[in-house]
1. Rounded to the nearest 20 debye, what is the charge dipole size of the chain about its Cα centre when +1 sits on each Lys and Arg Cβ and -1 on each Asp and Glu Cβ?
2. Measure nothing fancy, just the Cα-based angle from helix 9-27's long axis to the longest principal axis of the chain, in degrees from 0 to 90, nearest 10.
3. Hey, can you rank 9-21, 46-58, 26-38 by average C-beta count inside 10 Å, highest first?
4. Grab the DSSP H runs of the chain that are 4 residues or longer, score each as -39,500 (n - 2.57), total them, divide by all residues and round the 222 nm result to the nearest 500 deg cm²/dmol.
5. What is the distance, in nm, between label points placed 7 Å from the Cα along the Cα-to-Cβ direction at ARG59 and at ILE72?
6. Determine ³J(HN,Hα), in whole Hz, for all residues of the range 28-41 in sequence, where each value follows from phi through the Karplus function 6.51 cos²θ - 1.76 cosθ + 1.60 and θ = phi - 60°; x replaces Gly and Pro.
7. Could you give the accessible area per residue of the range 9-73, probe 1.4 Å, as a whole number in Å²?
8. What percentage of the solvent-accessible surface of the range 9-73, computed with a 1.4 Å probe over protein heavy atoms, is contributed by carbon and sulfur atoms?
Amino acid sequence: VVVVQNASVLDLKKALRRHFQLRQARQGGVQHLSWKYIWRTYHLTYAGEKLADDRKKLREYGIRNRDEVSFIKKLRK
């Protein structure tokens, strides 16, 4: 997924959503994903740190080109 240099976590989330929608359209898979459910159920993480603040820049988390972020399931309270 490609985002601009000074992108925020919210920009990354939007880019992920767009990427999956385009991929599904090409493959003819599931037509709808509930992104509201996904963001309620999973955290984006990088190097063991949750990307919790949508307004914070990726650079502030230390994310650079070709770095990998992953989804981690939120624990119930």
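1. On the way: 19 positive and 7 negative charges, 61 e Å.
Using only the charged Cβ atoms, the result is roughly 300 debye.
2. Helix 9-27 and the main axis of the chain meet at about 20 degrees.
3. Working: 9-21: 15.6, 46-58: 13.2, 26-38: 9.5.
Result, highest mean Cβ count within 10 Å first: 9-21, 46-58, 26-38.
4. Details: 2 runs with 26 residues, N = 77.
Helix contribution divided over all residues of the chain: -10500 deg cm²/dmol.
5. In this crude spin-label approximation the distance works out to 2.5 nm.
6. x, x, 4, 7, 9, 10, 8, 5, 4, 5, 4, 6, 6, 9
7. Working: 5140 Å² over 65 residues.
Accessible surface, normalised per residue, equals 79 Å².
8. Values: 2480 of 5140 Å².
Ligands and nucleic acids excluded, carbon and sulfur give 48 percent.
The values are calculated or read from the model by the stated rules, or taken from the named source; none is laboratory data. Bear in mind the structure is a predicted one, so any value in this text is a computation, not a measurement. In this analysis, Cβ positions are derived from the backbone assuming ideal geometry, glycine residues included, and neighbour counts consider all displayed protein chains. Side chains included, ligands, DNA and RNA excluded: accessible areas come from the protein's heavy atoms. Shrake-Rupley method; radii C 1.70, N 1.55, O 1.52, S 1.80 Å.
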